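Encoded as structure tokens, the structure appears first; notes follow it.
The values are calculated or read from the model by the stated rules, or taken from the named source; none is laboratory data. Treat the numbers as computed from the prediction; the structure is a model and nothing was measured. Counting neighbours? That spans all protein chains shown, and the Cβs are built from the backbone with ideal geometry, glycine included. These area figures cover heavy atoms from the full protein model, side chains too; ligands, DNA and RNA do not enter into them. Shrake-Rupley method; radii C 1.70, N 1.55, O 1.52, S 1.80 Å.
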Amino acid sequence: MGKVMLEVRNLKTKYVTRFHEDVYAVDGVSFKIEEGKSLGIAGESGCGKSTLALSMMGYYFPPLHYMSGDIVIDGRNISGMKPDDVRKSILGTEIAYIPQAAMNALNPTQRIIRFIEDVVRAHDPKKDKKLIRELAEARFAELGLPPEVLDKHAVELSGGMKQRVVIAIALACNPDLLICDEPTTALDVTIQAQVLDMITDLKKKRNMALIMITHDLAIVAETCDKVAVVYAGQIVEYGTVR
């Protein structure tokens, strides 16, 4: 058994509506994932997959609220930590997130290099610009992106290139765990396959733990070791992909 990178124990989170009603989006979820392993989280739209991803990173901002349970990342329980402390010491370095509709996550007014600078300087404010660029170029090379993309704006890139840029930003600080929230949404079939192959190759090279959130069971079968099926905020099935 390998090193446990993430353990979630009986996690409960809720949304509070404008009518002050409680909606339990994550309702008693427990699982763990080891170094170098991959877990698929599958389920229909609205079942709580993306909320579970945000909860795993301690990303609790209204209307989402933490209720109870533990989130242990590489031995550190982040459940009681403040969001700003989690962002500075955990996000990006221990755990990274590729958001759903990642192609829309890039500010169109900024050059791509600025996103990498922001991520790196959140953890190392004194990092030199030249070193950050060298780091960015190395990440881009891994993903088949030419270095000149760093000086472009998001609107100048194709959908597949934007997706790879977001992956490069997520990997900027060498995280041990990568959460991909439907990373192939809105991409054509050929680009989908390329993106999935890249993510799988990077996982193997870096021995990262990977969580793949999707409603496409074919993607889970292709990229994951284990699968958790979510329905109404609960894990209703769990086991190996086989």
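Restricting to segment 224-242, give me the number of residues that are outside any strand (DSSP E or B) and buried (at least 20 other Cβ atoms within 10 Å of the Cβ).
Residues meeting the conditions: 2.
Quick one: what pairs do we get from segment 59-85, first residue under 26 Å from Arg18 (Cα atoms) and touching a residue at least 60 places away in the same chain (Cβ under 8 Å), second open to solvent by 40 Å² or more (accessible area, probe 1.4 Å) and part of a strand (DSSP E or B), C-beta under 9 Å, 6+ apart or different chains?
Gly69/Arg9; Gly69/Asn10; Gly69/Lys12; Gly69/Ser30
Residues checked against (1) in a helix (DSSP H, G or I); (2) touching a residue at least 24 places away in the same chain (Cβ under 8 Å); (3) out of contact with any strand residue (DSSP E or B) (no Cβ under 7 Å at 6 or more places or on another chain):
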| residue | (1), (2), (3) |
| --- | --- |
| Gln163 | yes, yes, yes |
| Leu178 | no, yes, no |
| Pro183 | no, yes, no |
| Ala193 | yes, no, yes |
| Met198 | yes, yes, yes |
| Asp201 | yes, no, yes |
| Ile213 | no, yes, no |
| Ala218 | yes, no, yes |
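Could you list all residues from segment 168-198 that are among the hydrophobic types (A, V, I, L, M, F, W, C) and open to solvent by 50 Å² or more (accessible area, probe 1.4 Å)?
Hits for segment 168-198 are Ala186, Val189.
Can you tell me which residue is farthest from Val227 (Cα to Cα) among those in segment 28-47 that are among the acidic types (Asp, Glu) and either open to solvent by 50 Å² or more (accessible area, probe 1.4 Å) or touching a Ser or Thr at 6+ places or on another chain (Cβ under 8 Å) (or both)?
Only one residue tops the list, namely Glu35.
Which of the residues that make up segment 166-176 are touching a residue at least 60 places away in the same chain (Cβ under 8 Å) and of a type in the set (A, V, I, L, M)?
Selection gives Val166, Ile167, Ala170, Leu171, Ala172.
Tell me the residue from Leu11, Leu64 that is open to solvent by less than 50 Å² (accessible area, probe 1.4 Å), out of contact with any Lys or Arg (no Cβ under 8 Å at 6 or more places or on another chain), of a type outside the set (Gly, Ala, Ser) and modelled with pLDDT of 90 or more, please.
Leu11
So how many residues does segment 197-216 have that are within 22 Å of Lys32 (Cβ to Cβ) and not small (Gly, Ala, Ser)?
Adding up the residues that qualify gives 13.
I need the full set of residues from segment 197-233 which are polar (S, T, N, Q), in contact with a helix residue (DSSP H, G or I) (Cβ under 8 Å, 6 or more places away or on another chain) and more than 26 Å from Thr13 (Cα to Cα), in order please.
Thr200, Thr223
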